[in-house]
Structure formats: C-alpha cells, structure tokens
Amino acid sequence: NPAFWSTKSLITDLKLVTVCEEAQCPNRWECWGQGTATFMIAGDKCTRACGFCAVKTAKPDALEADEPARVAEATRRMNLRHVVITAVARDDMRDGGAEHFKHTIEAVRQANPEIIIEVLVPDFNDRDWALSMVMDARPHIFNHNLETVERLTPLVRSRAQYQRSLTVLKKAKAMVNGHVATKSGIMLGLGERHEEILRAMDDLLSADVTVLTLGQYLRPTPKHLPVVDYITPDAFNEYKAIALGKGFRHVASGPLVRSSYHAADFRPELDVLEAIEADVRAAKGLELGPEHLNLPAPKPALIKAIA
C-alpha cells in the first residue's frame with residue numbers, strides 16, 4: 001500500500017513517535033494505509049507501568065523543543081483533517097508535560113488552521129493549573145481513558161485512580177464552558193462484570209463525557225496482564241446500544257476498537273459547535289459559522305457574548 005509506506009517514511013524522516021507502534025495497535029496497518037496516525041509526544045518512555053500497556057517504562061529523556069514543530073509539519077504534509085496527539089505519562093515533570101501539549105496544539109493549528117485537534121492525555125496528577133494549560137490551547141476533542149472499571153483500576157492502572165480520571169474529564173469540560181467534546185475509553189476482557197461496565201458508563205456520563213470507545217484488551221507480552229475473557233462481537237454491539245440508550249452521543253464498540261481508531265468519523269466537534277451556537281444565540285442572537293470552530297479561542301465578541 002503506497003499510503004502505508006509514505007506514512008512510515010514521513011514518520012521516520014521527522015523522527016516522530018506514534019502510539020500506533022509503541023502500543024502495538026492492531027489497526028496500524030489500516031490507519032497508516034489510509035494516511036493517518038496518532039502522534040505520541042514527550043518521548044517513548046513512560047513513568048508509569050500499567051499492567052496492560054506495551055509502552056516501555058523507564059526514566060524519560062528530556063523534551064525535544066522542536067517536537068511540536070515536527071508534529072505540525074507531519075500534519076501539513078499528510079494534509080490531515082483530524083489529528084490525535086497523545087503522550088506518555090511524565091510524572092518526572094511538575095506539569096506532567098502539559099506545556100508541551102499546549103505548544104504542540106498551537107504549532108499544529110498554526111501549520112494547519114482547518115484541522116480538528118484531538119488530545120489523548122494522562123491525568124497530570126489532577127493538577128488544575130497543568131490541565132488548564134492544555135485547555136487554554138483549545139483542543140476540539142479532549143480524551144482521557146478510564147481504561148477499566150473501578151474495582152480493577154488498582155490492578156490495571158496501579159499509579160492512576162478511577163475517581164481522579166473522572167474528575168479530570170469533568171474539569172476539562174468545565175474549564176472551557178463545555179465547549180469541547182470529551183471522550184473516554186474502556187477495555188473489556190480483564191475480568192470486569194456486566195454491571196460494572198454499566199456503572200462505568202453512568203460514571204462517565206456524570207463526568208459529562210459524550211464519546212465512548214469500547215475495545216477488547218489484547219495482551220502485548222507474557223509479562224502483561226492476561227486476557228480473562230474474549231468479548232463476542234454481539235456483546236460489543238449490545239454494549240453500544242446500551243451506551244447510546246444511556247445518552248452517549250457517539251459510541252465505537254468492537255474487538256479492535258481503540259481510542260484513536262477512526263477518530264475522525266464521529267465528528268463530535270460538531271456537537272461543540274451546536275453548544276457554542278446555542279450559547280451565543282441565547283445571549284445575543286448572533287450568527288456563528290463553522291469557521292469559529294477552528295480558532296484557538298472564540299473571537300472577543302463571542303467571548304463577551306457567552307460571558
């Protein structure tokens with residue numbers, strides 16, 4: 001596939017890291033073949049050692065100051081309409097890498113003003129000032145994965161906390177007056193119970209999450225957590241129907257679904273446009289066009305109207 005090799009060559013040329021490779025994503029052949037990729041910033045070494053994750057745990061390297069520009073150049077060369085930017089957990093840094101996220105978002109938007117920017121972030125140890133750095137850069141979609149149900153969180157994500165993740169999701173939306181699409185994902189097959197999955201859905205809805213992904217956990221190596229169950233496609237379809245019935249706006253549910261898989265297909269940013277439009281019209285009766293969605297922040301007149 002020419003697009004696959006073109007994507008691979010570009011990533012190598014710009015010395016970029018992708019979660020597609022680092023997390024051993026089963027969909028990387030398809031995505032790269034379509035000319036899309038999820039960029040992983042802040043290095044390829046994580047400070048946490050989650051039981052499910054293929055990304056290596058080690059002392060991270062120093063941040064590369066030119067990485068935001070290289071990611072931006074990749075989005076320009078690939079002519080992307082939608083980009084997903086993620087990162088390893090950088091607990092070695094006071095801001096958890098938040099400022100690096102901010103610089104990357106800004107660089108991408110400057111190079112490609114029409115692009116939809118989705119970020120998949122760690123929890124920044126629930127530091128509000130760090131989270132606000134990311135939100136001040138105004139990503140269109142904010143993703144932070146819950147990963148598993150509450151009971152299994154200490155086993156699956158020993159350095160994370162279930163309630164902390166929910167809090168981060170809720171705070172992120174509140175920081176921009178609800179004008180961001182929030183998204184989260186859960187892996188199935190780790191031993192969770194049916195009722196626990198439904199409770200996690202309810203918890204995410206209570207945290208104002210509108211986009212949900214459900215996928216099958218696949219063991220990266222024998223050193224990682226074992227697969228307890230293989231969920232059938234019919235069961236995934238059932239969970240999708242349940243989630244939509246509960247109130248999620250968009251749901252991707254299937255064995256090979258991952259956070260970034262077909263991320264551009266759902267267009268949750270259009271939900272945000274509707275919300276902004278409703279706020280503005282309610283306040284001042286102003287007209288709002290789609291072009292406002294691509295700005296780092298609403299125009300001053302809109303900010304004043306919404307406030």
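Does the stretch 2-267 come out rounded, prolate or oblate by the C-alpha gyration tensor, with a ≥ b ≥ c the root eigenvalues, rounded set by a/c under 1.5 and, if not, prolate when a/b is larger than b/c and oblate if not? It comes out rounded by the Cα gyration axes. Note on LYS8: aspartates and glutamates with a C-alpha under 12 Å away, same-chain residues under 8 apart excluded, are GLU21. The GluC sites (Glu not before Pro) of the stretch 53-148 meeting both criteria, a DSSP state outside H, G, I, E and B (loop) and at most 12 other C-beta atoms within 10 angstrom of the site's C-beta, are GLU114. Between the stretch 65-100 and the stretch 139-167, how far is it from one alpha carbon centroid to the other, in angstrom? Spelled out, the Cα-based centre of one part sits 21 Å from the other.
What the Cβ-Cβ distance of LYS171 and TRP5 gives, at R0 = 41 Å and to the nearest 0.05, is a FRET efficiency of 0.50. Shape analysis of the stretch 122-248 places it in the oblate category; the axes a ≥ b ≥ c from the Cα gyration tensor give an a/c of at least 1.5, with a/b not above b/c. Between ASP208 and ASN79, the modelled label-to-label distance comes to 3.7 nm, taking each label 7 Å out from Cα in the direction of the beta carbon.
Cβ-Cβ distance of LYS56 and ASN237, R₀ of 25 Å, FRET efficiency by 1/(1 + (r/R0)^6): the value works out to about 0.10. The trypsin sites (Lys or Arg not before Pro) of the stretch 102-190 that DSSP puts in a loop, and whose beta carbon has at most 16 other beta carbons within 10 Å, are ARG127, ARG151, ARG159. Sorted largest first, the spans of the alpha carbon positions of the stretch 70-170 along the three principal axes are 43, 24, 22 Å. Taking a point 7 Å from the Cα of ASP136 along the Cα-to-Cβ direction, the residues of the stretch 56-98 with backbone N closer than 13 Å to it are 98. Ranked by the mean number of other Cβ atoms within 10 Å of their residues, highest first, the peptides 196-204, 239-247, 227-235 come out as 196-204, 239-247, 227-235.
No lab work stands behind these numbers, since they all come straight from the coordinates. Keep in mind that this is a model prediction, so the values were computed, not measured. FYI the Cβ positions are ideal-geometry reconstructions off the backbone, even for glycines, and counts take in every protein chain you see.
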